[in-house]
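What follows is a single structure, written as structure tokens, with notes after it.
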Amino acid sequence: MPRRAARLLLSLVMLMATSLGGVVATAGTAHADGCYTWSRTLSQGTSGADVTQLQIRVAGYPGSGAVLAIDGDYGPATAAAVTRFQSAYGLAADGVAGPATFSKLYALQDDDCTPVHFSYAELNDCNSTWAGGAVSAATAKSNALRTMWKLEALRHALGDQPITVTSGFRSHACNDAVGGASSSRHLYGDAADLGAGPHSLCKLAQQARNHGFNGILGPGYPDHNDHTHLDHRPSRFWSAPSCGI
């Protein structure tokens, strides 16, 4: 049985166990996942590396114009993001991350922790090492992973139709070769350029406002009429005049 199909089947079994007995709900998780396994139920007031892992995966659900801090502390903003994630996937929306929430996350992630609809290769067609940018290779790759989970949320909100990433991480050499800005967020690994497909560039830019991106550039902004650019810059800068942004 293909791994993703097996993962989906296991997710359904866990959901059934949760609804029937409640025993799984107190345990927090019922199996070891290939990527990461949560071992306890998480709610407001908890903290730790397991909260950080959860935040990375629900960071695409911060609410309109907001950005969820990845800080390992389960506060009101994290609870709200979990609630939106749960609602988006038809789960009981209580803001508590328990078996049903983890089961859905397990179904959504591959063994390398990337969401099932995106890959490291898509976010880096520059080199295989993630080196040569403005940050360490490890940081660039970590930033790309966070970007992918936000893109997964964006994709789901747009009806689970494909999203095409045309550019992600760039080393200085790759950035210079394409004429990128010297301060480009692509050098940090936290940017993605999206091409038109099932959705227009404007639709992508407009919807991205709900999914935790501080940087949104699109049609009407200089040199961005053929793609929508999303990134995690420190402060908000949105400009896609042709899209009303």
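From Ala205, Ala138, grab the single residue that is open to solvent by less than 60 Å² (accessible area, probe 1.4 Å), among the small types (Gly, Ala, Ser) and farther than 23 Å from Tyr106 by Cα.
Checking each option against the conditions leaves just Ala205.
Which ones in the range 214-229 are surrounded by fewer than 23 Cβ atoms within 10 Å (Cβ to Cβ) and in a loop (DSSP other than H, G, I, E, B)?
Matches in the range 214-229: Asn214, Pro219, Gly220, Tyr221, Pro222, Asp223, His224, Asn225, Asp226, His227.
Can you run down the residue pairs with Cβ atoms below 8 Å, 6 or more apart or on separate chains, where the first is in the range 103-118 and among the aromatic types (Phe, Trp, Tyr) and the partner is open to solvent by 10 Å² or more (accessible area, probe 1.4 Å) and part of a strand (DSSP E or B)?
If the second residue must be open to solvent by 10 Å² or more (accessible area, probe 1.4 Å) and part of a strand (DSSP E or B), the pairs left are Phe118/Val165.
Of the residues in the range 77-110, how many are of a type outside the set (Gly, Ala, Ser) and either closer than 13 Å to Tyr61 by Cα or at pLDDT below 95 (or both)?
7
Looking at the range 102-109, can you tell me whether even one residue there is open to solvent by less than 60 Å² (accessible area, probe 1.4 Å), of a type in the set (Phe, Trp, Tyr) and over 18 Å from the mean Cα position of the chain (by Cα)?
no
Could you list, in sequence order, all residues of the range 234-245 that are surrounded by 16 or more Cβ atoms within 10 Å (Cβ to Cβ) and in a loop (DSSP other than H, G, I, E, B)?
Ala240, Ile245, listed by residue number.
Somewhere in the range 179-188, is a residue of a type in the set (Ser, Thr, Tyr) and farther than 22 Å from Ser119 by Cα? Before you say what the answer is, go through the steps one by one.
Filtering the range 179-188 for residues of a type in the set (Ser, Thr, Tyr) gives 182-184, 188.
Still in the running and farther than 22 Å from Ser119 by Cα: 182-183.
Scanning the range 179-188 turns up at least one residue that is of a type in the set (Ser, Thr, Tyr) and farther than 22 Å from Ser119 by Cα.
If Ala157 passes every condition in (1) free of Cβ contacts under 8 Å to residues at least 60 places away in the same chain; (2) open to solvent by 20 Å² or more (accessible area, probe 1.4 Å) but one, which one does it miss?
The one condition Ala157 does not meet is (1).
Just checking, how many residues over the range 160-201 are open to solvent by 30 Å² or more (accessible area, probe 1.4 Å) and hydrophobic (A, V, I, L, M, F, W, C)?
Counting residues in the range 160-201 that are open to solvent by 30 Å² or more (accessible area, probe 1.4 Å) and hydrophobic (A, V, I, L, M, F, W, C) gives 6.
Against the condition modelled with pLDDT of 95 or more and in contact with a Phe, Trp or Tyr (Cβ under 9 Å, 6 or more places away or on another chain), how does Arg57 come out, does it pass?
Against the criterion (modelled with pLDDT of 95 or more and in contact with a Phe, Trp or Tyr (Cβ under 9 Å, 6 or more places away or on another chain)), Arg57 qualifies.
The values are calculated or read from the model by the stated rules, or taken from the named source; none is laboratory data. Remember, it's a predicted structure, so these values are computed and weren't measured experimentally. Neighbour counts run over all protein chains shown; Cβ positions are idealised from the backbone, glycine included. Ligands, DNA and RNA are stripped out before the accessible areas are found, and what is left, the full protein with its side chains, is counted by its heavy atoms. Shrake-Rupley method; radii C 1.70, N 1.55, O 1.52, S 1.80 Å.
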